[in-house]
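Some notes on the structure that comes next.
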Amino acid sequence: MENVTTLDWTNPALLKLDLFCKGLRVDDSCLVEEDGGRKILRTRAGLGSGLELVLPGGLWTNAPVTERFAQKSPWLIRRREQRYWLERDGVAPIEVKLSPRPDWYDRKTTSGKPMTRVGTLQGTYLGVYPAKVCEYWLEDDKSNCKFCSVGLNLGLDDDVEKSVDEVIEVARAARRESGITYVDFNTGHYEGETFLDILEPYIRRVKEELGLLVGVQTPPHSDLRRYDRLRKMGVNRVSFCFEIFDPVRFREVCPGKHRQYGLERYLDAVRYCATLGSSGPASEPWVTNGEIIAGLEPPESSIRAIDWITSVGAIPTVCVFRPLSGTDYSNLEPPKTEDMVPVFKRLYEACMERGLPIGCAPNVHVSLVLLPEEGRYLSDRKFRWQTAKNRLLATGLKMSLNRRWRRLEARPGAETPQAVAAQ
Ligand code: SF4
């Protein structure tokens, strides 16, 4: 680390990483839900179950609070005079905000389902897991990924089946009341590679009726032309979670993915999709993500993954390993913050060196990962030209989306926001 000292807790990226790695104790003075914060959900993302906070610098964060390791964290969150503070021995208290809980979290769909069982905000985007549980969890000899909690939690905080109408209703409420710009659809593995068939009806309606940015996170389909079809449909992001770049470790951590697809197929899909940017509708931005988990292989291997992903024109999503309660890896230790810093520094620098469009989607703050653009706090390199280019892209995209949403809201038959609020 060059300019970043491990004691500089005014650095928001360092603080976010340290909370991911050490967790947070919650003082009895905290009144999270009474103060308008979000209930701690065992969300289906498989990696997150914590307290949603906004750190200084506007970094949205999901801090682990329920796991064993979080109980011995040096960080404590305390409520004083209706404000929230992170405290740690020898460190001046740091004020944080609770991520606001939207009103629609307390409403039901017209079919009678609590809206949070259809989709929830993760940071500032809507995450939907529309189908049944990943089938690796249903085998007699389970082959689920060892860090994953999806099969433990589905049905607790989330409904197993969600109709397209229900998802549209929740996404519309989230658009109008929470200002979301992006919906992320996520599935696990299903025999017969049905995951894209399941998602397409949802995607079509979200694009046609709400005009939101849409992302898809599934295993890699063997017919790569399916991604050309998604591109034409207006999908904006495809993400492939291969988690681990070291082939031997991949096999240990993700036995189902290894057996069914293999690491190479994930990499082929990332490589292929990264070429599709110029072939779809010009009004729809397109990014390909390769997703990895740092902390389950050596940092050098995570850095190799970052360099490979960016070399093919894709953007890495890097999660920090969290040993979630009840998972196969619940007894492992989370990684050390100092091991994570070089990984996230490289994440930012590699994206900027390759001229990749990071931080361009309006109002997309992600709490479960440290975003590539948030890694700038860990680097002393400036990348002035690329930063200016990304800002320009962001402004253009925001303006074009605003025009699109105004057009859709003015369409005959579109429900008025007042009518929706009265439901
Ligand atoms: S593929 Fe792995 S990470 Fe994804 S839901 Fe299934 S078990 Fe979990």
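Figures for the structure shown
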{"quantity": "Enumeration of residues in segment 67-87 that are surrounded by fewer than 16 Cβ atoms within 10 Å (Cβ to Cβ) and outside any helix (DSSP H, G or I)", "calculated": "PRO74, ARG80, GLU81, GLN82, ARG83"}
{"quantity": "Subset of segment 266-298 that is of a type in the set (S, T, N, Q) and part of a strand (DSSP E or B) - its residue that is nearest to the ligand (Cβ to nearest atom)", "calculated": "ASN289"}
{"quantity": "Segment 109-145 - residue that is of a type in the set (Lys, Arg) and under 20 Å from GLU191 (Cα atoms) and, of those, farthest from the ligand (Cβ to nearest atom)", "calculated": "LYS132"}
{"quantity": "Output for segment 174-201, where each listed residue is among the β-branched types (Val, Ile, Thr) and within 16 Å of the ligand (Cβ to nearest atom)", "calculated": "THR187, THR194, ILE198"}
{"quantity": "Condition met for VAL343 (part of a strand (DSSP E or B), of a type in the set (A, V, I, L, M) and either crowded, with 17+ Cβ neighbours inside 10 Å or in the same structural domain as LEU213 (by TED's automatic domain parsing) (or both))", "calculated": "no"}
{"quantity": "Residue in segment 206-265 that is farthest from the ligand (Cβ to nearest atom), counting only those that are touching a strand residue (DSSP E or B) at 6+ places or on another chain (Cβ under 6 Å) and part of a loop (DSSP other than H, G, I, E, B)", "calculated": "LEU212"}
{"quantity": "Subset tally (residues that are among the polar types (S, T, N, Q) and buried (at least 19 other Cβ atoms within 10 Å of the Cβ)) for segment 370-400", "calculated": "2"}
{"quantity": "Selection count where residues are of a type in the set (Phe, Trp, Tyr), part of a helix (DSSP H, G or I) and closer than 30 Å to ALA13 by Cβ, scope segment 88-141", "calculated": "1"}
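The values are calculated or read from the model by the stated rules, or taken from the named source; none is laboratory data. As the structure is a prediction and not an experimental result, all values here were calculated from the model. Note: ideal-geometry Cβ built from the backbone for every residue, glycine included; neighbour counts use all protein chains shown.
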